Each structure stands twice: as structure tokens, then as C-alpha cells.
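The structure under discussion appears below in the form of C-alpha cells.
The values are calculated or read from the model by the stated rules, or taken from the named source; none is laboratory data. What you see is a predicted model; the values in this text were computed from it and never measured. FYI the Cβ positions are ideal-geometry reconstructions off the backbone, even for glycines, and counts take in every protein chain you see. Surface areas here come from the heavy atoms of the whole protein model, side chains and all, with no ligands, DNA or RNA. Shrake-Rupley method; radii C 1.70, N 1.55, O 1.52, S 1.80 Å.
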Amino acid sequence: MPAPKPESWIQITDRGFHVAPGGFYVDPTRPVDYAVVTHGHADHARPDHGHVLATPETLAIMRHRYQDRAGRVHDPMRTGESRTIGEVTVRFVPAGHVLGSAQAVLEYRGSRVVVSGDYKRRSDPTCQAFEPVACDAFVTEATFGLPVFRHPDAAGEIRRLLAAREQFPERAILVGSYALGKAQRLISLIRAEGYDRPIYLHGALMGLCELYRELGIDLGPLARATGQNKKTLAGEIVLAPPAALNDRWARRLPEPLPTMASGWMRVRQRARQRGVELPLVISDHADWDELTQTLHDVGAPQVWVTHGSEEALCHWATQQGFRARALAVVGWGEEDADPEDSSAQEETAQTGQPGDRAHRAPGG
Amino acid sequence: MERFAELLDRLVFTSSRNAKLRLMGAYFRTVGDPDRGHALAALTGVLEFKEAKPGQIRGLVQARVDPVLFEWSYDYVGDLAETTALIWPAKPGANRKPEITQVVETLAETKRAHVPDLIARWLDALEPTERWALLKLITGGLRVGVSERLAKTALSEAFATDLAEIEEVWHGLSPPYRELFAWLEGRQGRPEIDTRAAFRPLMLANPLEDHELDQLDVENYRAEWKWDGIRVQLVAGGGVQRIFSRTGEEITGTFPEIADAMTFDAVLDGELLVVRQGVVASFNDLQQRLNRKTVTKELLRDYPAHVRLYDILFESAEDLRGLTFDDRRARLQAFLERTRPARMDASQLLPAAGMDDLKQLREEARRRGIEGLMLKRKDSTYVAGRPKGPWFKWKRDPLTLDAVLMYAQRGHGKRSSYFSDYTFGTWRPVTERASEEAANKSEVNGWELVPVGKAYFGFTDQELRQLDKWVRDHTVERYGPVRAVDPQLVLEVAFDAVHPSNRHKSGVAMRFPRVSRIRWDKPASEADTLENLEKLVER
Ligand SMILES: [Zn+2]
Ligand SMILES: [Zn+2]
């Protein structure tokens, strides 16, 4: 009997990626009874599920973020291990995206589908490296699915950051970065250049850095930026959520030099919209070359493309002989979406940190 | 190209003047000749070579990249040079990376038909940021916010040399400026240049503060009108005519009729104005002539330029700057009577016996639509810069208006976390057409607000914090960095003058508007009307 076609046992519903013969969803975008979660970013790991199968690290991140709403049953499974749910076998394989991130390898009656979640192919000391798995259908992200997105060597970008710090010793180097994954990777990259001074953090980044440490990732000396004397932060590196870059929070820093670490920084207009003075092109998502290389490495005849520039990657894949189609999963890709509407994010960041609000200068 | 690209890339994103100076200074100190000289020329816009056309660049990239992916990418990035730089297929180890000198020199000697091939080979060898810098350089699209003045200031700070000294030699030098750098680094003496064509730094006046009035020994000062144009220096002799702005930037090409009238051998200081039948037109009219790439016949006819002369610095080779003001003025009068240049006259000295006369003159300035008075010590020599004491400008009191805050925009650099740029409006009756526009939310009882100006200074840091908070608390709509606010706050706006303008929705344009007071107490409905503002327009 021939293996069933991938599209015959997988559907996209209003709750997301549904694996019918297993009775579960992968990275569901609404609460479900049984969720397989690839990694801890909010667009993949949502609160209020029943049973959650994920790596121990992802589950720890979910508990940190959602506390008592992190899901009723937490079912940890390490990368390399597998589990049979209904008629479907699930195995986790590292995705190289953030700590705990895993591809979900799904097998049903000889048909194999890999949901890669978000991934990158570059080295990252804070997580396990991506491993390509041969399959019948490969679900890929396309956050940076245009050939203008080619991330340079991350260490080189960090050296630019450190050079700017030496050039402007009276200023605080303020780096905008996402709280989960990016911040910790940046710190590790900075440490890899031999920088051993304390790195200062916005309150919103403290918790996840602490959690990374508990999970065994060494980040060197860290300190809270809030509550420091303004002068002590001159010449220091300060990490904050992107929304804090040009907002009132930054006023506590001495002449902050706003920089931001993101794949979007490759495009000057995006950096300008953010008021960034030193754009650092560092991303936890695959760039164009990594995406196209991965499709070749995996060699799946079918490619399903999600988040980002789906049509461009589909266009390329079709020309290369893959059967490619865009998979419209509403809600995936929001975490690292192009920060067009900075004002909306600004408000979320402000309401997210009651601790920082108390320190605001009166009248500011 | 690597260091030059890094410099450009940093400058593009840097708004603070000080930071720009530091970035440029570091570049000039650490990069060798002749690359830094060509970079200096590129930044100040004096490099001349065959520019590549955008169409050629497009042709090159489309031959190498899938056309569909290119179009989508171009749509996304929005800039041809940048898209090309990013999408260009990498060819590691293709060629040696060109330095800026090689680019400049090779382009100068290559036949036009071979230019595209040359560019393609360079693009193969470079990294994305370097490709971007190369493309911006060769398509003439370098816009990094560096004026000639700023570049000279960077040199002055980087090599601890007086800016005035650099300005004196500047216009006698050309790229790649080897003698300049040799002198700045102390390896050689100051470059010998043909001083007849050079810019001499200007002497500037300080504002006269109220408390200084009583101490002023009026009998030792000469008074003249403070003309509201742009300060210029006219340098002519030996077949050369040059017009420099106050900061030493050459603007000869913008005012060809003045250059044509400079048939003398002298260095003169004056105010450039638009004058019709002997009547000085508003600054707004002069603005029609500024920053124009081409000067059309119509512009020359409708906005005729004129120079009202203040001073004479050189006559032939004779340096007059050591003479007293009175002696120089006598020399200027004699010079004008002898040479009678077209489109020029001397600024009149105003008779004033004492402080009362001066005060009366200042009052008269308003009636005549003049900015104010200049007071110059009769025995003052001509000294570069802004020495305290010999020259004062005494502006008339500003006009004020109570306007309503309508929009606020984020500032730049240090102010980027503040809403610090304010657009304010005055009331006018709603016309029928306007009331049909449903979007007009500022309409109240048949009156609507019309924006009349923008101000971003005049307030204290404390007031800025208060305004910023007020804006955040009263935002009704957001458009990127701009916020529309509930029209409830009245700002007292001071300004020097107001002119008719067809480029503004309100029909008027204010000169130097600034926030003079925040009227927390005043209801918005009691702010001024557009009609009130229109009454202040000077003839
Ligand atoms: Zn993610
Ligand atoms: Zn994602």
C-alpha cells in the first residue's frame, strides 16, 4: 500500500496546524486539548492548552511566561526522542533557533512531514544546531524569504558594536533585542569577543536571562539597568526590548547610542524607522541562502511555506522543481514580524513592565 | 572601499552633529592619502566623474538575478542602489576590492561604454555595505547630511587646527588634498594658495541683550538696518568670480547675475536680497532662488538678486581688515563710486545721536518690515568669528500669536524619545467644502483649525518634558512618528515676520517661529484666528 499523501492527513484549521490521525495540533494558535510546541516564542507557544508536548527547555520558558496558564499537563520530550500519539509518531530534532527549539518530525503510515518551526543554520552557543531530516513534506518559515536578506557574520556585527563603544565612551550603547533567544545569543556573542564587563539589562529581559542560566547557559555578569546611577552606565552595553529604544525608558541612560540586533536591520529604511544609529544584522531566523540551502538539504518533494515572504520562496522553490505552496496559518510569524507599527509595540512594552514604570522620572 | 563604506553607513544613521564630527575625525586621522582626500571630496560633493545611470545599474543586476525576485525585493527595499547592493550574488575572492581612489581614478579614464563592466567587476569583489557605498558614490546619490562646513569642522577638531585657518586655504585646494593633510598633520607648512580666489571667514555679530543696553557707549557705534537675506562674501579678481555663503560654501552657480556683475578686483561682504525696483522683497521670495539646481530665465526675471554691501575686506591685493570700521566704510564708498557695479549698493549708515534715536529706529524697523538693527563699533577691525563687543545685532521684538497645538512629532538624536516638534494652528470659519470632508475632527461650532507653522525650540527642558507628557496623554491618532492631539493646548508662538505663501495650506509662512510660552491656562477657543495672523503680513 502506498504511503498516504501528506495533505491527506494534515489540515490547516482556525486553530492552526492539525494532525488528524494523531488528534493533536503543532504550534496551535488557539487553546487545544493536545499541542506539540516547537519553541517558546509567543506565536508558537500559546497559553491555555490541555496537554503540551515540548522539549524541557520550551516547557520551562512557557511556565516562565504564562505561569498557571502554561498548559494543564506538561509532557517533556528531549530532542532525539520520539512518542506515538494516536496513529502518528512524533520525534524532536534540533532547529537551531532558540534554546529548546525543535523540529517536529511527524510520521504516519510511512509518510513523513517535518514542521521545522523557526530555524537558522548558523552557529549559536545558546542552542543545539539544526539537523536536516529527509521527508515527504517540509514546512519552512520564510521570515527573511527575499534574496536581499543575507545576514553577515554575527561576530563581525558584534565587533562593530564594540568599536562603537570604544569610540563613544561617554555614551551608553543601547541594544534593542527580543527578550527570548536574541538577547541571550547577543550576550554570548559579546562574551565570545572577550568582553567581560557586566552587561546591563532592561527589567523585561532579566527573567529569561535568569532562566537561560538555570538551564545551563553561561552569560557572564549581568546587572539591572534600572536604578543605576546614570553616570555608571557611560560606556556600558545595555540591552532592552526594541520598543524601549527611543522611548522614555532610555532617558535614564547617558546619551544612549541606539542600536538594534535584527535581520530587518539589513534594510536601511527599517533601521531609520526605528531611530537606530548602529543597525546590527543578527537574526535567529534563516536568511535567504540558509532557506534555499535547507530546501536542498532536506530534499522534500513538497515544500509548505509559512511566515513572511511566502510567495518569493515558493517562486524560487517551484523553479527548482519542488512542489511549493504557501500555508496560511493565521498567527504564526507575529513574534518576529517586521516591526512596521512601532507605536503599537511601544504600548505593549510599557504595560508589560510595571517594575520599570515606578522608576520613571516624575513628569516624564 | 571598506573604511569609506563604514563611514558612510554610520553617517547615514547618525543625526547628532557631534557624533558625525567624531566619526569623520576618526576616519581622517586613521586613513591614509589619497583615499581620505577622495572621501573628503565625496562627502563635500566636489568629486566630478562620469556618473553611472540608474538604468545601467538596473541592467547589470537584472542580468544576474531572477527578475521576479528582483522586482519583489526592489518593492520591499524601495531604493535601487540598496536593493542591488543586497541582492547582488556574492562572488568571494573574485577580484581585489577597489579603494575609493581606484574608483575615482579609473572612472575618470574609462570610456563610457566600458563603465558598466567595470562596475560589475567591482560589485563582485565587494561586500553588501561596500557595494551600497560604491553605488551611491557613482550614481551621485550620496546624501549623508554632511555639509562642507561640517567636514571642515571635523578636520579642525581631528587635527586641533583653527577652523578659520582651514577655511582660508580651503578654496585654493583640490582633491585629494595631500598638502592639506600634510599641513594638518604637521608634516609641512600651510599650503600656499592663490589667495585671490579664497574665502575669508566672516566677522559675525552677537545679539544685544536687554541688560547690555545701558552699558553700550552709543556714541562709539554706527547703526545700519539688519537686512533679512543671506550673508555673502563676494570674491573677484584675476578672472575669477566667486560667491560664498556665510559658512564658506560656494554658491556662485545659484546667482549668475551677481557673478556677472562682479567685474572688480576685491573681496566684499554683504547681504544677498531679492530687490525689485529698489524695493527689498521678503525672505520668502529669496527662498525661491535658494537650493535650485538650475537657474531658469523666469527665476532670474521674477526674483532678481541684489547685494547690499556692508564691508570691504580686500581691494586688489591690499588687505583692509586691519583698518577701522569707519576707514573701511570710507574705502567701500569710494570703491563703489569708482567701479559702480550693477546689482549692488552700500547698506546705509543710519544717523543716531543717542540711545533714544536707536530705540526709535528699532521701532521703525517693524513698520518698514526690516528685521532690526546692526550696531558696529566705529573703530572695530574686521576679525573672523564672533568676537564679543565690537558688533551687535539688535532685533526688533518678535510678533506673537496664540495658536493651538495640533500635531507633535518625535525629535532626532537626543530628543528622539520626546515629542518635540510641534505643529500648531489658528482658527478659521469652516467653508462648505471643508465641512464636507468628514475627516475634519478639529471643527468646533463652525470653526476649524488650520496648521500655520511648526516650532521645535523656545521651551526649556522642563517644559519639553511637560509638553511630551501632555502629547502622550492627549493623543487621538498616530501616523508613524507623528501624533495628532486633542486640540486643547494653546502655545504662545513668537516669530520674526509672516509672509504670504502659496506653498502652505494656510496661505502664510512664518519666519523663525518658536514657542515663547505654554498657555496652560488659556482655553483653545480663545486662541487667535487665521485672520489675526494675516493682518500681521507686511506689505
Ligand atoms: Zn521563533
Ligand atoms: Zn515564528
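Summary table below
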read-out: Relative contact order [Cα under 8 Å, 6+ residues apart], the stretch A:1-145, whole percent; value: 17 percent
read-out: In nm, spacing of pseudo-spin labels at A:ARG224 and A:GLN269 (7 Å Cα→C-beta vector); value: 4.1 nm
read-out: Proximal lysines to B:LYS111, defined as alpha-carbon separation beneath 23 angstrom and excluding residues fewer than eight positions away on the same chain; value: B:LYS50, B:LYS53, B:LYS97, B:LYS136
read-out: Whichever lysines have a C-alpha closer than 21 Å to that of A:LYS231, once near sequence neighbours (fewer than 8 apart) are set aside; value: B:LYS414
read-out: Cα convex hull of the stretch A:7-109, projected area averaged across orientations, nm²; value: 5.8 nm²
read-out: Shielding by other protein chains, B:121-133, mean Cβ within 10 Å; value: 1
read-out: Per-bin percent of Cα-Cα distances, the stretch A:124-205 [5 Å]; value: 3, 10, 16, 22, 18, 12, 8, 5, 3, 1, 1, 0
read-out: Part-to-part distance (alpha-carbon centres) for the stretch A:183-226 and the stretch B:152-205, which is given in Å; value: 48 Å
read-out: The stretch A:231-344, accessible area per residue, ligands and nucleic acids excluded (1.4 Å, Å²); value: 32 Å²
read-out: Three principal axis lengths of chain B [C-alpha, angstrom, descending]; value: 78, 68, 45
read-out: Peptide B:61-67, shielding by other chains (average Cβ, 10 Å cutoff); value: 1
read-out: D_trans [Stokes-Einstein, Kirkwood Rh over alpha-carbon pairs] for the stretch B:1-159, 25 °C, 0.890 mPa s, µm² s⁻¹; value: 151 µm²/s
read-out: Average Cα contact separation per residue, chain B, under 8 Å, 6 or more apart, as relative contact order %; value: 11 percent
read-out: Per residue, the convex hull volume that the Cα atoms of the stretch B:169-243 enclose (Å³); value: 194 Å³
read-out: Alpha carbon convex hull of the protein assembly as shown, volume per residue in cubic angstrom; value: 206 Å³
read-out: Fraction of alpha-carbon pairs over 19 Å apart in the stretch B:320-470 - percent; value: 73 percent
read-out: Extent along principal axes [Cα atoms of the stretch B:209-334; Å; largest to smallest]; value: 49, 37, 27
read-out: Computed label-point distance, nm, for sites B:ASP319 and A:ALA234 using a 7 Å Cα→Cβ extension; value: 4.1 nm
read-out: Straight-distance crosslink candidates among lysines, where the alpha carbon sits under 21 Å from A:LYS182 and sequence neighbours closer than 8 are dropped; value: A:LYS120
read-out: Estimated inter-spin distance, A:GLU87 and B:GLN348, nm [label 7 Å along Cα→Cβ]; value: 10.4 nm
read-out: Carbon + sulfur, % of accessible area of the stretch B:206-395 - ligands and nucleic acids excluded, 1.4 Å; value: 46 percent
read-out: Carbon/sulfur fraction of accessible area - chain A, other protein chains in place, 1.4 Å, %; value: 48 percent
read-out: Computed log₁₀ I(q)/I(0) - Debye formula, equal Cα scatterers, no solvent, the stretch B:399-534, q 0.14, 0.16, 0.17, 0.20 Å⁻¹; value: -0.60, -0.80, -0.90, -1.25
read-out: Helical contribution to [θ] at 222 nm, DSSP H n ≥ 4, -39,500 (n - 2.57), averaged over the protein assembly as shown, rounded to 500; value: -9000 deg cm²/dmol
read-out: Overall Cα dimensions of chain A, principal axis frame, Å, largest first; value: 73, 45, 35
read-out: Lysine-lysine proximity count for the stretch B:206-395, Cα under 12 Å, sequence distance 8 or more or distinct chains; value: 6
read-out: Spread of Cα-to-Cα distances over 10 Å intervals beginning at zero, given as percent, for the stretch A:154-280; value: 14, 49, 33, 4
read-out: Full-extension gain in nm, B:LYS522 to B:ALA182, via 0.36 nm per residue minus C-alpha separation; value: 116.2 nm
read-out: Residues in the stretch B:1-30 that, when all protein chains are in place, have 50 Å² or more less accessible area than the chain alone would give (probe 1.4 Å); value: B:ARG10, B:PHE13, B:ARG22
